[in-house]
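Values in this text are rule-based calculations from the coordinates and carry no lab data. Computed from a predicted model, the values in this text were never measured in an experiment. Here Cβ is always computed from backbone atoms with ideal geometry, including for glycine, and neighbour counts include all displayed protein chains.
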Amino acid sequence: MYRLISKIYPKKIKERYIDILRYANLDIDANRLLGFLLFFGFGLAWLIAFNLALLFNFNIFLIFIIAFLAFEIIVYLWLLLKVEARATYIEKSLPDALQLMASNLRAGLTVDRSLLLAARPEFGPLKDEINLVGKEITLGEDVTEALNNMSKRIKSDKLDKTIRLLVSGLRSGGQLAPLLEQTSNNLRNREFLEQRVRSSVMLYVIFIFVAVGIG
């Protein structure tokens, strides 16, 4: 039923939800989700509109439209926040994972083995992704292809650039350990600079609000 209902949505919206669900690591069919959102949102909006119109004599159709759109927007924003939180957690764990991988390479391990041993429980979602890459490699997938697949499952520019750099190093046959260590240091420095920028912006915002309040 939900699949039939989802046909109302345009193709671009369906593709957008497919990408979001993949980035959020939610094993949910996009068509079923869209159908459920439309069906449940329609019923919930009518329920809210009917009660508000009965209690406060509001325009039932206007309240229905507002309630329905609010429900759809809230769910969409929740999914986006989940995608962003997952990407942020992975980006914070990435420098440590690269450092571990570089250490494993210097110890004489192969690239795929070094990658698998870099999966630590404290890395959270990144650990799961590394294990998935290892499973794909075990099943015969090329290392570079498995790494590229990981970047497609995570909405992160930092991870995407890091994987491109790693794939480039693998194809050129260069020394990966120094490359990974340098990349790890660069990511840490970038994170430090971003934190300083955020702190400066927050101070300016507080100053502006204080000035406006005094004014």
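Side notes on the structure shown:
- Principal semi-axes of the equivalent ellipsoid, √(5λ) from the alpha carbon gyration tensor of region 23-150, are 48, 15, 8 Å from largest down.
- Estimated dipole of the chain in Debye, rounded to 20 [Cβ of Lys and Arg +1, of Asp and Glu -1, Cα centre]: 260
- Placing a label point 7 Å from the Cα of Ile66 along the Cα-to-Cβ line, the residues of region 20-44 whose backbone N sits under 19 Å from it are 41-44.
- Helix 30-56 and the longest principal axis of the C-alpha atoms of the chain enclose an angle of approximately 30°.
- In the chain, helices alone account for a calculated mean residue ellipticity at 222 nm of -28500 deg cm²/dmol, with every DSSP H run of four or more residues adding -39,500 (n - 2.57).
- Distance from the Cα centroid of region 83-135 to that of region 12-70 is 38 Å (rounded to whole angstrom).
- Between Leu54, Leu77, Gly173, the Cα set farthest toward the positive side of the dipole of the chain (charges on each charged residue's Cβ, about the Cα centre) is that of Leu54.
- Calculated from backbone phi, Karplus (6.51, -1.76, 1.60) coupling profile of region 186-199 in Hz, x at Gly/Pro: 5, 5, 5, 5, 5, 5, 5, 5, 5, 5, 5, 5, 4, 5
- Remark: the Cα gyration tensor places region 75-117 in the prolate category, a/c being 1.5 or greater and a/b exceeding b/c.
- Rounded to the nearest 10 degrees, the inclination of helix 60-106 to the longest alpha-carbon principal axis of the chain is 10 degrees.
- The count of lysine pairs in region 78-206 whose Cα atoms are under 17 Å apart, excluding pairs fewer than 8 places apart on the same chain, comes to 13.
- Sites Leu170 and Phe192, calculated FRET efficiency, Cβ-Cβ separation with R0 25 Å, nearest 0.05: 0.30
- Relative to the globular-protein estimate of 2.2 N^0.38 Å, the Cα radius of gyration of region 19-94 stands at 1.45.
- Assigned charges on the beta-carbon of Lys, Arg, Asp, Glu; region 46-165 dipole about Cα centre (debye): 200
- Annotation: extensible slack from Leu109 through Leu44 equals 17.7 nm (criterion: 0.36 nm per residue apart, minus Cα-Cα distance).
- Scattering profile of the chain at q = 0.13, 0.18 Å⁻¹ [log10 I(q)/I(0), Debye over alpha-carbon scatterers]: -0.88, -1.18
- Hydrodynamic radius of region 114-201 per Kirkwood, over alpha carbon pairs, in Å: 14.3
- Taking the C-alpha atoms only, the angle from helix 143-153 to the longest principal axis of the chain is near 20 degrees.
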